[in-house]
Every structure is written in structure tokens, then in C-alpha cells.
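Only the coordinates and a few stated rules stand behind these numbers; no lab work does. In this text the structure is predicted, and so the values were computed from the model without any measurement. With ideal geometry, Cβ positions are generated from the backbone for all residues, glycine too; neighbour counts draw on all protein chains shown.
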Amino acid sequence: MQGGEHRESRDEQGLSNDETRFTCGCRTSREEYHDGSIEHVVIRHDGKLLSHETIGERGA
């Protein structure tokens, strides 16, 4: 397990963002949008996109 930095934010309309950046350079992010859709992204330390998943209205 690598160390890193975790950030969360949320606005009054329901938009939320959850992001983790590891010391090795890998990162994950999860955004939940106002319409209830969710986007999840995983990027490896060398910049390669490992996963990009959208669930809900934006992915329809």
C-alpha cells in the first residue's frame, strides 16, 4: 500500500468528487453528478488509463 493524498468535495446541489493520488503517481477519481450518474476513473503512475466507467444518465 502506497501513501498519498485523499480529497473529497460536495456542493449543495449534490455533485460530489472523491479523488486519491498515491505517492507512486497512480490515481483514482469518482464523481457523482447532479443527475445521479457516476464516473469512476483509474490511472496508473505512467499515465495509462486502466479503467473508465460511467454509470447512469451520462453513460446512456
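Quick notes
- Taking first residues from region 28-48 that are in contact (Cβ under 8 Å) with a residue 24 or more places away in the chain and partners that are outside any loop (DSSP other than H, G, I, E, B), the Cβ contacts under 9 Å between residues at least 6 apart in sequence or on separate chains come to TYR33/SER16; TYR33/GLU39; TYR33/GLU57; TYR33/ARG58.
- Only listed residue being outside any strand (DSSP E or B) and either among the hydrophobic types (A, V, I, L, M, F, W, C) or surrounded by 12 or more Cβ atoms within 10 Å (Cβ to Cβ) (or both), chosen from GLY47, GLY25: GLY25
- Region 1-22 - residue that is part of a loop (DSSP other than H, G, I, E, B) and polar (S, T, N, Q) and, of those, surrounded by the most Cβ atoms within 10 Å (Cβ to Cβ): GLN2
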